[in-house]
1. Using each residue's phi in the stretch 112-125, evaluate 6.51 cos²θ - 1.76 cosθ + 1.60 at θ = phi - 60° and report the 3J(HN,Hα) Karplus result to the nearest Hz, with x for Gly and Pro.
2. Based on the Cβ-Cβ distance from residue 70 to residue 28, what FRET efficiency comes out when R0 is 41 Å, to the nearest 0.05?
3. Tell me the trypsin sites (Lys or Arg not before Pro) within the stretch 54-144 that lie in a loop according to DSSP and have at most 11 other beta-carbon atoms within 10 Å.
4. Cα-Cα over 31 Å: which of 49/107; 50/107; 21/63; 63/139; 63/108?
5. By its C-alpha gyration tensor, with a ≥ b ≥ c as the square roots of the eigenvalues, how is the stretch 2-53 shaped: rounded for a/c under 1.5, else prolate for a/b larger than b/c, else oblate?
6. Write down the Å³ per residue value for the convex hull defined by the alpha carbon atoms of the stretch 61-113.
7. Can you pull out the GluC sites (Glu not before Pro) in the stretch 40-144 whose DSSP state is coil and whose Cβ has at most 16 other Cβ atoms within 10 Å?
8. Under a 5 Å amide H to amide H cut-off, with H placed in plane at 1.01 Å, what residues pair with residue 41 once short-range neighbours are removed?
Amino acid sequence: MELENKMRRQDEEYTKNAISKYLGKTLSQKFTITEGENPPDYYVDIGSKKIALEITRAELDRKTVDVSLSNLCNQINDHFESKISAGTSIMLFMKGPIPKTNFQHFKKLLKQCVEQIIEEEIVNDWKSFDVSEEIVRIKKIIHGRE
């Protein structure tokens, strides 16, 4: 437990320093960051404002990421199954986690990209797309087998 608390404190210190560096570059006025009561971890004083800063570490389980990517790929496959000719496959390369803030928008844009690849004559070449600020690579493969 002591090691976990030490690691958490290092994460908080790192984040505080990163925020301080960012604010130093973006603010024209002076600011200070002081120790808080935990919670909050820190206070940011900017002019007459005192802003509480609580730093929390979120961890994603790799299995959760893999399952969410697999589910998305299954949805894409179901959507395009009848539009892809026998002997043709579409490969997707993307990193997880999938953006949760606007998942439906991400999925809509991804479907548009896949549709574009299906309609193109180009095969065996990766094409990169910016899908909601995530780089997704897609390619069509013609392998002649159903």
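1. Coupling constants for the stretch 112-125: 5, 5, 4, 4, 4, 5, 4, 6, 6, 7, 5, 10, 6, 10 Hz.
2. 0.30
3. Qualifying residues, ordered by number: 57, 95, 100.
4. Checking Cα-Cα distances, 49/107; 50/107; 21/63 exceed 31 Å.
5. oblate
6. Output value, Cα hull per residue: 83 Å³.
7. 54, 59, 120, 121, 133
8. HN-HN under 5 Å from residue 41: 53, 54, 55.
Every number in this text was worked out from the coordinates using simple rules, so none of it is lab data. All of these numbers come straight from a predicted model, not from anything done at the bench. Cβ sites come from the backbone with ideal geometry, for glycine too, and all protein chains shown count toward neighbours.
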